[in-house]
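Below is one structure, written out as structure tokens; comments come after it.
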Amino acid sequence: MRLRCAVLDDYQRVATELADWSPVADEVEVTSFAEHFATQDELAAALTDFDIVVTLRERVPFPASGMRNSVIDFAAAEAHGVTVCGTASASTPPVELTWALLLGLARGIVEESTALRSGGPWQQTVGADLHGRRLGLLGLGRIGSRVAHVGLAFGMHVSAWSQNLTKEYTDEVGVELAASKEELLVDSDFVSVHLALSDRTRGLLGPAELALLRPTAYLVNTSRAAIVDQGALLAALHEGRIAGAGVDVFDVEPLPADHPMRTAPRLLATPHLGYVSRANYETYYGQAVEDIRAFLDGEPVRRLG
């Protein structure tokens, strides 16, 4: 009998289209699930008869209670004899989405397009300029540094800050080192978050920090929702204390239908599309097939944990 493989949260139903599964077809039967399982009990029930599970990024948590990357409990997996293998992921797609959100906010793209297509007013927003304005980056790693280069190409003044950032590195990237997080927030016209979630960064932007932003400033977060206090961000948007926010990450995903982020004003939001691109998907699913083939051959590759 062939082994059974479950592909979880295949929202676009492309997992079997964007990779060649023929290397494992004789030994593995693949079932793709497009709908998200809301609870661990539902997930456990659905996966009872499967031998292999493919989960993309951090869409589905696997804590020790069920079988957790930041959502896979590697110790529990090992204890249950589960081999966990990963795939590569490119940093360019989230860079590009960051700029899609930032430009969409600055030029009122959604409002203007919606009005044009629905017979609304002809021109209703006044765009925010990028050239000559300051872009403040919280984090200057693989993604943040690429975002910085685009900002420089737009003629922006770019500064960055994180706990361990050095002037030597900011000089290498070609941006300014902000003296503090607070200075960066006060001085920036656009702030973009590019930090990994950790105990040090969780809640890094709370009510006091968001209050430092100018009323004309925009905040973009394509990293992790928990870095920004969600209640404080919603309050700032509803009270008009910042010009707007572009958000691709949320405290709960998929976002519940009644979640306040769905109806917040001054918010341009996307459903965690930062890594969702054809090239990335081809890598994810293509290497997933390689992982499965290597596991079947008794020589697992790209093992995690």
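The values are calculated or read from the model by the stated rules, or taken from the named source; none is laboratory data. It should be emphasised that the depicted structure is a prediction, and the values quoted were computed from it without experimental measurement. Cβ sites come from the backbone with ideal geometry, for glycine too, and all protein chains shown count toward neighbours. Please note that ligands, DNA and RNA were not included when accessible areas were found on the heavy atoms of the full protein model with its side chains. Shrake-Rupley method; radii C 1.70, N 1.55, O 1.52, S 1.80 Å.
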> Would you call E78 open to solvent by 70 Å² or more (accessible area, probe 1.4 Å), modelled with pLDDT of 90 or more and more than 22 Å from the chain's Cα centre (by Cα)?
Replying inline: no
>> I need a count of the residues in segment 146-183 that are open to solvent by 40 Å² or more (accessible area, probe 1.4 Å) and assigned to a helix (DSSP H, G or I).
In response: 12
> So which residues in segment 220-231 are among the polar types (S, T, N, Q) and crowded, with 22+ Cβ neighbours inside 10 Å, if there are any at all?
Replying inline: N221, T222, S223
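Only one residue in L195, L205 is closer than 19 Å to S162 by Cα, at pLDDT 95 or above, in contact with a Ser or Thr (Cβ under 9 Å, 6 or more places away or on another chain) and surrounded by 20 or more Cβ atoms within 10 Å (Cβ to Cβ). Which one?
Working: L205 fails: in contact with a Ser or Thr (Cβ under 9 Å, 6 or more places away or on another chain).
Among L195, L205, only L195 is closer than 19 Å to S162 by Cα, at pLDDT 95 or above, in contact with a Ser or Thr (Cβ under 9 Å, 6 or more places away or on another chain) and surrounded by 20 or more Cβ atoms within 10 Å (Cβ to Cβ).
Okay, residues lined up against (1) open to solvent by 30 Å² or more (accessible area, probe 1.4 Å); (2) touching a Pro at 6+ places or on another chain (Cβ under 7 Å):
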| residue | (1), (2) |
| --- | --- |
| P93 | no, no |
| T98 | no, no |
| L102 | no, no |
| V110 | yes, no |
| A115 | no, yes |
| G119 | yes, no |
| T125 | yes, no |
| D129 | yes, no |
| R134 | yes, no |
>> Quick check on my filter: what residues within segment 232-265 are open to solvent by 30 Å² or more (accessible area, probe 1.4 Å) and in a strand (DSSP E or B)?
In response: none
>> For segment 1-37, give me each residue that is of a type in the set (A, V, I, L, M), under 16 Å from L56 (Cα atoms) and in a loop (DSSP other than H, G, I, E, B).
In response: L8, V14, A15, L18, A19, A34
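Mind checking whether some residue in segment 266-281 is part of a helix (DSSP H, G or I), under 30 Å from S22 (Cβ atoms) and open to solvent by less than 30 Å² (accessible area, probe 1.4 Å)? Please lay out each step first, then the result.
Let us first name the residues in segment 266-281 that are part of a helix (DSSP H, G or I), namely 278-281.
With under 30 Å from S22 (Cβ atoms) added as a condition, the list becomes 278-281.
The next check asks that each one be open to solvent by less than 30 Å² (accessible area, probe 1.4 Å); those that pass are 280-281.
Within segment 266-281, one or more residues are part of a helix (DSSP H, G or I), under 30 Å from S22 (Cβ atoms) and open to solvent by less than 30 Å² (accessible area, probe 1.4 Å).
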